[in-house]
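Enquirer: Below is the structure I would like to discuss, written out as structure tokens.
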Amino acid sequence: MNRNDWIKWAGLAAVVITLFLIPAFIKSPYWMLVLTLMWVHIIAAESFRHIVTVGEYSFAHVPLMGMGGYASALLAMKLGLSFWLALPLAVLATAIISFLIYYPCLRTTGTFFFFASFAFGEVMRLCWVRFRYPFGGVGGLSHIPRPEAIHIPGLPTVEFTIVSHTSYYYLILVFMLFSLLIMYLLDRSRLGAIAAAIKESKVLASFVGIRVWRYEMIIFVIASAFAALGGSLYAHYMTLLVPVEFYWGLGIYVCVWAVVGGTGHFAGPIVGTIVFGLARELLRPFPQLVPLIYGLILAATLAFLPQGLISLPEKILPWAKKVLARVKER
Amino acid sequence: MNAPLLEVRNLTKRFGGLTAISQLSFDLYRGEIVGLIGPNGAGKTTLFNVITGFYPPTEGKVFYKGEDITGFKPHKLVQMGIARSFQLTTLFDNLSVLQNVVMSRHLHTEVDFLGSLFHTPGNREKEKATEMRTMELLKLTGLDTQWDVLAKNLSHGYQKTLNFTITVGTDPELLMLDEPLCALNPERITAIQRLIFTVRDKGITILVIEHNMKALFPICDRIMVLDAGMKIAEGTPKEVGGNPEVIRAYLGGAIDVSDRR
Amino acid sequence: MELSTFLQMFVNGTMIGFQLALFATGLTLVYGIMLIINFAHGELYMLGAFAVFFFAEQLGLNYFVSLALAMIVVGLIAVAAERVFFKPLRGQHIPSFVMSCGLAFMFQVAAVLAFGIKNKAIDSVFPGVIMLLGTSVSVERLMVSLISAILIIGFYIFLLRSRSGRAMRAVMQNPDAAALQGVNINQVCSLGMGIGAALAAAAGGLLAPVFIFNPWIGPVLTWEGFIVVCLGGKTSLPGTLLAAFILGYVRSFVTTLVDPVAALMCEAAILGIILTLRPQGLLGHE
């Protein structure tokens, strides 16, 4: 580990510490909500990117996130399970469902994979609308149980009530950091290298002995598991889940956050989600402008910075160095 | 008695009304270098595609070491030791030369996901070992100085060499090369010819499609000639060169004689 | 099931079939000629509805005149869009698709700026109800189907008999061969886009008196059109007609016998199954 790496790790540690300290400075429940939801969105965007690393764009991703939420909520409501048990079970259940959805989709690729994934995701989402029992129909599920309080002897009880903004903030922050860590390690692991190879050329990958179908499916299921994690956290935070929240519009937003941030780098979707999250807050007084501003940012990025916002430092650095050199000359 | 490594029996492939290859049969023996020539559209690449599982044959069978491998998928064939290069350079464009060849070692790299996930010391050792083995391979084919160049930024000649290196990297017993010398300058051609000999000396059997007959004939033990999907001649380079059928096939159909280059 | 219910579903399904056929034909035409999935097609329908609104309600022109004007105006807008935005991307599938999404967005914004965000409607042109096959049918919807049928037949006559039509068919079959025979590919692309847009605008204008509309009705319609095109066979015009009626009947029967959500599920499932199990659709070729 050289000096550059130490700087990077130190910077990262500083950021994480800041995130943990935010609730000490920001007390407004509204901003707590905004930030907490941003953590959920980051999980969604980063797990979406995981699928992009193997070269596909999936529109079943957001519906599967919803499925995680519904599964978790139903396990808690109908079977009386504690949130702490419902969450992992919901993740497992959604992983299995994602396997079933992606199984036929793997016969297609590119734009047609995109549409097939959307079609099957939509069928699943419409099930929530159609079957009032158990999914609650158009009105969805309400009064979803909150997580049970955490009792650690010696420490104050951590409660999750309607006013426990800080508890939820930390809960979801921790899960988000955990998810990001695992996905980062996966990206740097053998699986990530295989995914990159498949993305470059499925044909060549199979001709070096890579079982493309198997690895694509592994990646899809892992990404769906993380999406389900986000969905479950969302469900027990908002205590309300409606089918229309996971329609294709949200799918486009997640895709835009990831693409504008830059799917080439791991941190790209994080940047994208934060930028658009802030933009949305700035545009609160002008809700009609939101699609327009989003569209402009997307168009500008595709035209001038196709690798996403995350590539901005790379582009500016050589230019900045030149300027610095000229200044030094003087 | 030398049993053939590869046996092709009555292989036929029809696309709708078009018959690309028809009733092809031949044997390949261990340690041979066999050339495959024929005018454009004779079905050479189709033959490769059918043998390597790109599409199933309409009729016929393929046997490898006595086992029926007809219609087996590409990754399975690579596992069994059959590797193939592509006419149009197929590379992992945005990966470096080293990463490209490391990928080709996929089947020979131990799968230890947890170790690779957490970058345990044990895993790092294995990765180092794979990288060293890969660098040896790169040194062999002359790409070691460009190990960190992205594949898409290589010159055409080196891209073809990388394609060849990837194919060899899978440790095959049977190497199928599709026009490895296409559009290369004489210096690169000699380099690849030498590589083919080196590879053969390691005991690998080679089947080569090539249009450049001047470069192909000197390195082959045998030549097969395809025309309009059928085998019209087979023999030593000398026999085939003087065969009137072969000459007629080239003069009658699309002429692609190497002297023109 | 009573006969009258069955007939009602059948008549409904047939009318939906005509609507989908008129709308989706343009989408297939554009895909067949330029191999691009035009995700702004629904917006062309929307612009057609707004154009008729503009000419008929705001300028007070006769409905049929407004319809014709709408077809021409939207057709020309589409031709301009093709020349400016699609021509440089010809041959690149994914950028063209993304560009069409961008265009859809631009058309939506334009409609909002020009007409506002509120729902709009046009008064019925053909009021009243008649009895058809023992079921009551609004004359309006009957006329929509009739005019759609006339437009579709007119389009096919153009395609099969006229010189430009034959040029289009040539390009759809084999663009390189067509170019060698002297066909002006640029003209054919623009013409195809223009005609496809005109048909979509016609569908929008015809249904303006029937359904309320606003700037955001486009995407759902594009989606439905896309299902029709994929089911029929992406480059097959007869396939589009067949698929339009199949989907019309599916929607009509499932909506009545089960419920509207089930109909949507069926359509999504049909798309998923076609894309994964039979990508060439019903009448298309590999």
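The values are calculated or read from the model by the stated rules, or taken from the named source; none is laboratory data. If you're wondering where the values come from, they're calculated on a predicted model, not measured in any experiment. Cβ sites come from the backbone with ideal geometry, for glycine too, and all protein chains shown count toward neighbours.
Enquirer: Provide a single number: the residues in the stretch A:280-330 that are within 14 Å of chain C (Cβ to nearest Cβ) and either of a type in the set (Asp, Glu) or not in a helix (DSSP H, G or I) (or both).
Expert: So the count comes out to 4.
Enquirer: Next up: Would you be able to tell me the number of residues in the stretch B:99-118 that are over 18 Å from A:THR53 (Cβ atoms), touching a helix residue (DSSP H, G or I) at 6+ places or on another chain (Cβ under 8 Å) and either crowded, with 19+ Cβ neighbours inside 10 Å or of a type outside the set (A, V, I, L, M, F, W, C) (or both)?
Expert: 7
Enquirer: Restrict the check to the stretch A:252-262 and report whether at least one residue is outside the structural domain of A:LEU74 (by TED's automatic domain parsing), among the hydrophobic types (A, V, I, L, M, F, W, C), free of Cβ contacts under 8 Å to residues at least 40 places away in the same chain and part of a helix (DSSP H, G or I).
Expert: Yes: one or more hits.
Enquirer: Go through the stretch A:105-136 and report how many residues are of a type outside the set (Phe, Trp, Tyr), touching a Phe, Trp or Tyr at 6+ places or on another chain (Cβ under 7 Å) and surrounded by fewer than 24 Cβ atoms within 10 Å (Cβ to Cβ).
Expert: If we filter the stretch A:105-136 for residues that are of a type outside the set (Phe, Trp, Tyr), which is where we start, we get A:105-111, A:116-117, A:119, A:121-127, A:129-130, A:132, A:134, A:136.
Of the ones still in play, those that are also touching a Phe, Trp or Tyr at 6+ places or on another chain (Cβ under 7 Å) are A:105-106, A:111, A:117, A:121, A:125, A:127.
Restricting the remaining residues to those that are surrounded by fewer than 24 Cβ atoms within 10 Å (Cβ to Cβ) gives A:106, A:111, A:127.
Adding up the residues that qualify gives 3.
Enquirer: Turning to a different aspect of this structure: Given the options A:ALA205, A:ALA223, A:ALA197, name the one that is crowded, with 19+ Cβ neighbours inside 10 Å, in a helix (DSSP H, G or I), within 19 Å of the chain's Cα centre (by Cα) and in the same structural domain as A:LEU81 (by TED's automatic domain parsing).
Expert: Just one listed residue meets the conditions, A:ALA223.
Enquirer: Can you tell me which residues in the stretch C:109-148 are of a type in the set (S, T, N, Q) and out of contact with any helix residue (DSSP H, G or I) (no Cβ under 7 Å at 6 or more places or on another chain)?
Expert: Matches in the stretch C:109-148: C:ASN119, C:SER136, C:SER138.
Enquirer: Restricting to the stretch C:1-50, name every residue that is more than 14 Å from chain A (Cβ to nearest Cβ) and among the β-branched types (Val, Ile, Thr).
Expert: C:THR5, C:VAL11, C:THR14, C:ILE16, C:THR25, C:THR28, C:VAL30, C:ILE33 - these are the residues of the stretch C:1-50 that are more than 14 Å from chain A (Cβ to nearest Cβ) and among the β-branched types (Val, Ile, Thr).
Rundown of residues vs (1) closer than 30 Å to A:LEU126 by Cβ; (2) acidic (Asp, Glu); (3) assigned by TED's automatic domain parsing to the domain that holds A:LEU283; (4) assigned to a helix (DSSP H, G or I), yes/no style:
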| residue | (1), (2), (3), (4) |
| --- | --- |
| A:ASN4 | no, no, no, yes |
| A:TRP39 | yes, no, no, yes |
| A:SER47 | yes, no, no, yes |
| A:PHE59 | yes, no, no, no |
| A:ALA73 | yes, no, no, yes |
| A:ALA95 | yes, no, no, yes |
| A:TYR103 | yes, no, no, yes |
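Each row is one residue, and each column tells you yes or no for (1) in contact (Cβ under 8 Å) with a residue 24 or more places away in the chain; (2) of a type outside the set (Ser, Thr, Tyr); (3) in contact with a Gly (Cβ under 8 Å, 6 or more places away or on another chain).
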residue	(1), (2), (3)
C:ASN62	no, yes, no
C:GLY75	yes, yes, yes
C:ARG90	yes, yes, no
C:ILE94	no, yes, yes
C:LEU103	yes, yes, no
C:GLY165	no, yes, no
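So that you can scan it fast, the table gives a plain yes or no per residue for (1) modelled with pLDDT of 90 or more; (2) part of a helix (DSSP H, G or I); (3) buried (at least 24 other Cβ atoms within 10 Å of the Cβ):
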residue: C:LEU29; (1), (2), (3): yes, yes, yes
residue: C:ALA56; (1), (2), (3): no, yes, yes
residue: C:ALA68; (1), (2), (3): yes, yes, no
residue: C:VAL74; (1), (2), (3): yes, yes, yes
residue: C:ALA78; (1), (2), (3): yes, yes, yes
residue: C:VAL84; (1), (2), (3): no, yes, no
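Enquirer: Taking the options B:LYS160, B:LYS139, B:LYS152, B:LYS128, name whichever one is more than 12 Å from chain A (Cβ to nearest Cβ) and either over 25 Å from B:THR198 (Cα atoms) or of a type in the set (S, T, N, Q) (or both).
Expert: Only one candidate passes the filter, namely B:LYS128.
Enquirer: Then there's this: For the stretch B:192-216, what are the residues that are surrounded by fewer than 18 Cβ atoms within 10 Å (Cβ to Cβ) and on the phi < 0 side of the Ramachandran plot?
Expert: Across the stretch B:192-216, the qualifying residues are B:GLN193, B:ARG194, B:PHE197, B:THR198, B:ARG200, B:ASP201, B:LYS202, B:LYS214.
Enquirer: Continuing with the same structure: What tally of residues in the stretch A:84-104 results from selecting those that are facing chain C (nearest Cβ under 10 Å) and buried (at least 17 other Cβ atoms within 10 Å of the Cβ)?
Expert: The number of residues fulfilling the criteria is 2.
Enquirer: Could you please tell me which pairs satisfy a Cβ distance under 7 Å, a separation of 6+ or placement on different chains, a first residue in the stretch A:87-106 that is without any contact (Cβ under 8 Å) to a residue 40 or more places away in the chain, and a second residue that is surrounded by 15 or more Cβ atoms within 10 Å (Cβ to Cβ) and of a type in the set (S, T, N, Q)?
Expert: What qualifies is A:PRO104/C:THR276.
Enquirer: Out of A:ALA205, A:ALA197, A:ALA193, which single residue is aliphatic (A, V, I, L, M) and either more than 8 Å from chain B (Cβ to nearest Cβ) or in contact (Cβ under 8 Å) with a residue 12 or more places away in the chain (or both)?
Expert: Matching residue, one of A:ALA205, A:ALA197, A:ALA193: A:ALA197.
Enquirer: Under the condition of being charged (D, E, K, R) and in a loop (DSSP other than H, G, I, E, B), which residue from the stretch B:64-98 is farthest from A:VAL54 (Cα to Cα)?
Expert: B:LYS65
Enquirer: Return the pairs, sorted by first residue and then second, in which the second residue is in a loop (DSSP other than H, G, I, E, B), the first residue lies in the stretch B:84-100 and is facing chain A (nearest Cβ under 9 Å), the beta carbons are less than 7 Å apart, and the residues are 6+ apart or on different chains.
Expert: B:ARG84/B:THR52; B:SER85/B:PRO180; B:THR90/A:SER201; B:PHE92/A:SER201; B:GLN99/B:PHE92; B:ASN100/B:LEU91; B:ASN100/B:PHE92
Enquirer: Does B:VAL168 satisfy being surrounded by 16 or more Cβ atoms within 10 Å (Cβ to Cβ), in contact with a helix residue (DSSP H, G or I) (Cβ under 9 Å, 6 or more places away or on another chain), in a strand (DSSP E or B) and touching a residue at least 60 places away in the same chain (Cβ under 8 Å)?
Expert: Details: surrounded by 16 or more Cβ atoms within 10 Å (Cβ to Cβ): yes; in contact with a helix residue (DSSP H, G or I) (Cβ under 9 Å, 6 or more places away or on another chain): yes; in a strand (DSSP E or B): no; touching a residue at least 60 places away in the same chain (Cβ under 8 Å): yes.
In short, no.
Enquirer: Okay, next question. Take A:LEU33 and tell me if it is at pLDDT 95 or above, assigned by TED's automatic domain parsing to the domain that holds A:LEU233 and either more than 23 Å from A:TRP248 (Cβ to Cβ) or in contact with a Lys or Arg (Cβ under 8 Å, 6 or more places away or on another chain) (or both).
Expert: For A:LEU33, the condition - at pLDDT 95 or above, assigned by TED's automatic domain parsing to the domain that holds A:LEU233 and either more than 23 Å from A:TRP248 (Cβ to Cβ) or in contact with a Lys or Arg (Cβ under 8 Å, 6 or more places away or on another chain) (or both) - is not met.
Enquirer: Which of the residues that make up the stretch C:237-256 are more than 14 Å from chain A (Cβ to nearest Cβ) and more than 24 Å from C:ILE152 (Cβ to Cβ)?
Expert: Across the stretch C:237-256, the qualifying residue is only C:THR256.
Enquirer: Right, another one. Please enumerate the residues belonging to the stretch C:174-204 that are of a type in the set (A, V, I, L, M) and exposed (fewer than 14 other Cβ atoms within 10 Å of the Cβ).
Expert: If we filter the stretch C:174-204 for residues that are of a type in the set (A, V, I, L, M), which is where we start, we get C:177-180, C:183, C:185, C:188, C:191, C:193, C:195, C:197-203.
Hits for the stretch C:174-204 are C:ALA177, C:LEU180.
Enquirer: List the helices (runs of 4 or more DSSP H) inside the stretch C:218-284, counting only whole elements, that have at least 3 residues being aliphatic (A, V, I, L, M) and surrounded by fewer than 21 Cβ atoms within 10 Å (Cβ to Cβ). Step through it out loud before you land on a result.
Expert: On the way: elements: C:218-232, C:237-257, C:260-277.
Fully inside the stretch C:218-284 and qualifying: C:237-257, C:260-277.
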